[in-house]
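Reviewing the structure listed below.
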Amino acid sequence: ATSVSRSAAPSPAPAASTEPARPATPPRDHRHERLYVLLEDPQNTTALGVIRHLCELNPGIQEIILVLKDQNGKRPLRLPFRVEISPELTKPLAALLGEQCVKVK
């Protein structure tokens, strides 16, 4: 009987101690993430067209910020549509522009 009470007593205690820890770190809210896409050559109309097409294929609720780089520095532009940030969008963008040019924040 003592071995049963020993195995029964420790199991509720860890379950009780782990339950409060879960709400302390809430799951990440991906709805408020933004996709930043750096275009180092704003004159590259082909890349701009591909970016727009990829965005149209991945509609969603997250903002996309196109960052144009020129001799004066970087200028962020919030695009007038929203996207679903997923590998289906970010992988082709990274292949087109480079991994360093596609960031989710």
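Points worth noting:
- The gain in end-to-end length when the Gln43 to Ile65 segment is fully stretched comes to 6.2 nm, 0.36 nm per residue minus the alpha carbon separation.
- Take the Cα of Arg75, step 7 Å toward its Cβ, do the same at Arg31, and the gap between the two points is 3.3 nm.
- Taking each residue as 0.36 nm, the span from Glu99 to Glu56 lengthens on full extension beyond its C-alpha to C-alpha distance by 13.4 nm.
All of the numbers you see were taken from the coordinates with simple rules; none came from a lab. Note that the structure is a prediction, hence the values are computed from the model and not measured. All Cβ positions, glycine included, derive from the backbone under ideal geometry; neighbour counts span all protein chains shown.
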